[in-house]
Structure formats: structure tokens, C-alpha cells
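Below: the structure, in C-alpha cells.
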Amino acid sequence: MANQLDELNPEVREEGLETNVIIKKIPAEVGTGSMVFEVLLWVLGIIPGVIFLFMKINAQKHFDQLQQKIQRNASQIDNYLEQRVMVLQNCARLLDKAIDLDKSTLENIAKYRSGHQDDADVSLNEISKQVETISRDINVAVENYPDLQAHREIADAMQQNMYLQREITAARELYNDTINEWNKDIFSWPTKKIVAAKNGYTTRIPFVASKEIKEKAKSVFF
């Protein structure tokens with residue numbers, strides 16, 4: 001059998017390829033075959049049926065624990081976002097004393113002070129994007145006034161902002177790893193997939209970079 005991937009004769013796409021996360025939740029579903037499989041276990045004897053029943057109980061416990069882990073990971077991101085908003089708020093106040101900072105920036109910081117908007121359905125993804133925009137506006141303000149970069153308090157605040165951004169990135173990766181585990185397990189047949197289908201579980205959407213961040217990544221920095 002020939003190699004499925006041949007690195008010596010690759011299909012080259014010279015223009016490159018930009019990938020995007022598909023915002024679609026896929027449900028875990030099982031057919032009649034799974035039902036027949038469960039019935040067959042009980043037909044073969046009480047022991048196989050009971051064993052499979054305990055396996056399903058363990059699978060449910062696994063999903064319950066995994067959901068708590070996802071919540072904890074999301075909360076960690078939210079905590080870092082809140083800290084970052086506080087740092088940006090402090091930085092904005094320092095800048096506002098030195099220059100006429102755009103008032104909308106101050107209003108947006110106040111809006112995201114607790115890491116949430118009025119709309120409870122707004123995702124962490126959207127909040128993260130808005131905080132990134134605020135951070136960019138402040139960076140632009142500092143760049144427009146080079147003398148401010150020597151201001152120790154402002155420099156310290158910007159340093160903290162960079163540190164928290166790295167922590168948010170690391171927390172996102174941890175969150176995405178847990179999401180990946182969830183998305184893989186709900187399709188693990190038979191036990192986990194049967195339990196997932198019974199509960200109506202679907203895949204979860206990982207964090208994605210905003211269009212603005214992707215465009216910025218293509219820029220020439222040097």
C-alpha cells in the first residue's frame with residue numbers, strides 16, 4: 001500500500017492557507033445499533049448488563065467532572081481578564097492625567113471592569129476581544145507620546161498588562177485542552193457516546209482569535 005502522505009511529492013499551495021475555527025456545535029448521536037448492543041448485553045446475562053451499567057455510571061461521572069473542570073478553566077480566564085482590566089484602568093487614569101485620552105476608552109474599561117457586560121450571554125471570547133481593543137487603544141496613546149514611556153508608573157502598568165496577556169494565553173490553551181478532551185470523549189463509543197447522546201451533549205467551541213488579531217499578525221513589525 002502506498003503512503004497516504006508523500007513528503008517527496010507534496011501538493012504545494014504557494015498562496016498559503018488560512019484556517020478558521022468553525023462555530024458549530026455537533027451533537028453526540030447514536031443509532032439503533034447502540035440500543036441493540038445494550039439489549040444484547042442483558043440477553044447474554046445479568047453480569048454483562050450490570051458491568052455495562054456501571055461503565056455508564058462512570059462515564060456520567062467523568063462528564064460531570066469534566067464540565068466542572070471546564071468551568072474552572074473558564075473562571076481562570078475570567079480572573080485574568082478582570083486583573084487585566086484593572087491594570088488597564090489604572091494605566092488609563094495615569095494617561096488621562098498627562099494627555100487628553102479618548103473618553104470612550106475610559107467608558108469601555110468601566111464597562112468591562114468586572115469582566116462582564118450587561119448581556120449575560122456574551123461569551124468570554126467576545127469579552128477577550130473587547131479587552132484587546134482597549135489594550136490596543138492605550139498602546140497607541142503611549143506610542144503617540146514617547147515621553148510617557150519613561151513614566152515609571154505607566155511603564156510598570158504596561159509591563160503588567162503584557163504579563164497578564166501571556167497568562168490569559170496560557171489559560172486559554174488549558175481551556176482548549178479540556179474542550180478538546182470533551183469533544184473527543186462524547187464520540188467515544190460505546191459507553192461515553194451512549195451517555196452523551198442520552199444527555200444531549202454537543203461539542204464545545206474553543207477560543208478563537210478575532211479577525212482584528214489575525215490581521216495584525218500579518219503585519220510587518222520589523
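The values are calculated or read from the model by the stated rules, or taken from the named source; none is laboratory data. What you see is a predicted model; the values in this text were computed from it and never measured. In this analysis, Cβ positions are derived from the backbone assuming ideal geometry, glycine residues included, and neighbour counts consider all displayed protein chains.
Some points to look at:
- Contact map, segment 186-201: first residue free of Cβ contacts under 8 Å to residues at least 24 places away in the same chain, second residue part of a helix (DSSP H, G or I) and surrounded by 18 or more Cβ atoms within 10 Å (Cβ to Cβ), Cβ cut-off under 9 Å, separation 6 or more or different chains; pairs are SER188/ALA59; SER188/ALA196.
- Residues of segment 1-52 that are touching a residue at least 40 places away in the same chain (Cβ under 8 Å) and touching a Leu at 6+ places or on another chain (Cβ under 6 Å): PHE52 alone.
- Within segment 15-35, one or more residues are in a helix (DSSP H, G or I) and either surrounded by 11 or more Cβ atoms within 10 Å (Cβ to Cβ) or at pLDDT below 85 (or both).
- The set of residues from segment 14-52 being more than 29 Å from the chain's Cα centre (by Cα) and within 30 Å of GLU215 (Cα to Cα) comprises just one member, GLU14.
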